[in-house]
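Take a look at the structure set out below.
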Amino acid sequence: MSFFIKERVMKNIYTIILMLLIAGCGGSSEEAAPETEAAVSQSIKAPDFTLPDLNGTSFSLADYSGKPVLVVFWATWCPHCKDEIPVLRDVHEKYKGTDFTILSVSVDNKPDKLKEFAKENGIEYSVLFDEGTVIAKSYGVVGIPANYVIDPDGNGYYYGQNIEDAMKKVDSYLNN
């Protein structure tokens, strides 16, 4: 195959890929999702982590193997994160005693303020402290709140800012 034919084939392949990407961004007539929302390939293992909670107890993602997990990256100073707290409290209450868990990972700078904030806001689900945002960076978080649904096999399944969409994914695991 000559160089020119190979080049033309490659251009056609790139054009097809670009067209598929554009078509995939279409969506419904409702408001478009933020650019950060995306289904994540189920073949991508979610990065394991171990972080302390507000009492210094270590939590590892590996401890929840075989169970769906919602990892929520957030901060006390984030107004949208604060808006999610009532929803997360309701979700925590609804699924208490099931195989599902919420691991909220704070990217705050001050753990003392975080503990006070959690108490004031009635947060009973796990609040973990990500000092230096090391774990958030390993998950590719670019804005908060960021909800990351992990399937029972430990694979990333959904990443986005919309808690309702994330919960639809969680519900699909729990109701099967």
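The values are calculated or read from the model by the stated rules, or taken from the named source; none is laboratory data. Computed from a predicted structure; not experimentally measured. Please note: Cβ atoms are built from the backbone with ideal geometry, for glycine as well, and neighbour counts cover all protein chains shown.
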When every residue in the range 123-154 that is touching a strand residue (DSSP E or B) at 6+ places or on another chain (Cβ under 7 Å) and among the hydroxyl-bearing types (Ser, Thr, Tyr) is compared, the one farthest from residue 86 (Cα to Cα) is 139
Considering 2, 60, 43, which residue is among the hydroxyl-bearing types (Ser, Thr, Tyr), loosely packed, with under 10 Cβ neighbours inside 10 Å and either in contact with an Asp or Glu (Cβ under 9 Å, 6 or more places away or on another chain) or at pLDDT 50 or above (or both)?
-> 43
Out of (1) closer than 28 Å to residue 127 by Cβ; (2) at pLDDT 50 or above, what's the single condition that is false for residue 37?
-> (2)
Subset of the range 52-77 [more than 16 Å from the chain's Cα centre (by Cα) and within 14 Å of residue 127 (Cβ to Cβ)] | 52, 53, 54, 55, 56, 57, 58, 59, 76
For the range 73-103, name all the residues that are touching a residue at least 60 places away in the same chain (Cβ under 8 Å) and crowded, with 19+ Cβ neighbours inside 10 Å.
-> 73, 74, 75, 81, 84, 88, 91, 95, 100
Among the candidates 91, 69, 105, residue that is touching a helix residue (DSSP H, G or I) at 6+ places or on another chain (Cβ under 8 Å), under 14 Å from residue 54 (Cβ atoms) and aliphatic (A, V, I, L, M) = 105
Output yes when any residue across the range 89-99 is out of contact with any Cys (no Cβ under 8 Å at 6 or more places or on another chain), closer than 24 Å to residue 142 by Cβ, of a type in the set (A, V, I, L, M, F, W, C) and at pLDDT 95 or above, and no when none is.
-> no
